[in-house]
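Have a look at the structure below, then the notes.
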Amino acid sequence: MAFPAKFPSLNAMEMTDEARQTLVRVLRVAFPHENFPDGPYERTADKILVEADAETWFRVALIQGLQSLDQLSDKSFCSLNDDEALRVLRRVEGTEFFGFVRRTAALGLYDDEEVWEILGYQGPSFDLGGYVHRGFNDLDWLPEPRILYPEGEDLPELGPGAHLGPQTVNVADESTNQPSAEQAEMGEVKK
């Protein structure tokens, strides 16, 4: 529930189009992806604005934070190159403003279906039976892992109970950690 601010002028603060563009620029710098179009960043900015509008505290923090970016950069934050803009954001990363933007954007940006498509995420799969048969192991962009030991060096000692080869598994224990019928014999219980 949003409570009115102590000073009515704070309740009247509204976002301008320029402030919205600054917010989109903040998101581009804080969550850089060269292959993302503007759409996901703009939709995420809109989600942040909706969240901020619901709470006076966050709306005031957002507006004041966006205004402070121009003051910290001595010119328009939107006109800064990426490195300069990142330096300005590093100066405000501990503020309530940036924490609110980061929390809301991390969920909003990566929950955008256009972003899913770009990143190769197929979406939720619970209703489709999970990922085991739907791309669980289809990472073709990762190299195959190599495990190399220097020539002439022995393999490290294995701990007690470790086996070098395949282990035979009791069929009764294969799918559960419950004891088999032979292991479950109860002895006499003593107090």
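Over segment 12-64, what is the relative contact order in whole percent, taking alpha-carbon pairs under 8 Å and six or more residues apart?
Reported as a whole number, the value is 45 percent.
Stretch Trp57-Val132 to full length: gain in nm at 0.36 nm per residue minus the Cα-Cα span?
Values: separation 75, 0.36 × 75 = 27.00 nm, distance 4.45 nm.
Gain on extension, Trp57 to Val132, equals 22.6 nm.
Ordered by residue, what ³J(HN,Hα) values in Hz, to whole numbers, does segment 65-74 give under the Karplus form 6.51 cos²θ - 1.76 cosθ + 1.60, where θ = phi - 60° and Gly and Pro are x?
Whole-Hz 3J(HN,Hα) from phi for segment 65-74: x, 5, 5, 5, 5, 5, 5, 6, 9, 6.
Which whole-Hz couplings ³J(HN,Hα) result when phi for each residue of segment 85-91 is put into the Karplus expression 6.51 cos²θ - 1.76 cosθ + 1.60, θ = phi - 60°, listed in order with x for Gly and Pro?
Coupling constants for segment 85-91: 5, 5, 4, 5, 5, 4, 6 Hz.
Hey, what's segment 30-88 come to in accessible area per residue, 1.4 Å probe, Å²?
Per-residue accessible area for segment 30-88 comes out at 55 Å².
Over segment 60-103, what percent of the accessible surface lies on carbon and sulfur atoms, probe 1.4 Å?
The nonpolar share, carbon plus sulfur, comes to 44 percent.
Taking a ≥ b ≥ c as the square roots of the Cα gyration tensor eigenvalues, with a/c under 1.5 meaning rounded and otherwise prolate when a/b beats b/c, else oblate, which class fits segment 27-128? Intermediate values should be presented prior to the final figure.
On the way: a/c = 2.59, a/b = 1.52, b/c = 1.70.
It is oblate, given that a/c is not under 1.5 and a/b is not larger than b/c.
Spelling out what I want: for every residue of segment 116-126, take phi, set θ = phi - 60°, compute 6.51 cos²θ - 1.76 cosθ + 1.60 (Karplus), and round to whole Hz; glycine and proline get x.
Per-residue couplings from phi come out as 4, 5, 5, 7, x, 7, 8, x, x, 10, 4 Hz.
The values are calculated or read from the model by the stated rules, or taken from the named source; none is laboratory data. All of these numbers come straight from a predicted model, not from anything done at the bench. Surface accessibility is based on the protein's heavy atoms, side chains included, excluding ligands, DNA and RNA. Shrake-Rupley method; radii C 1.70, N 1.55, O 1.52, S 1.80 Å.
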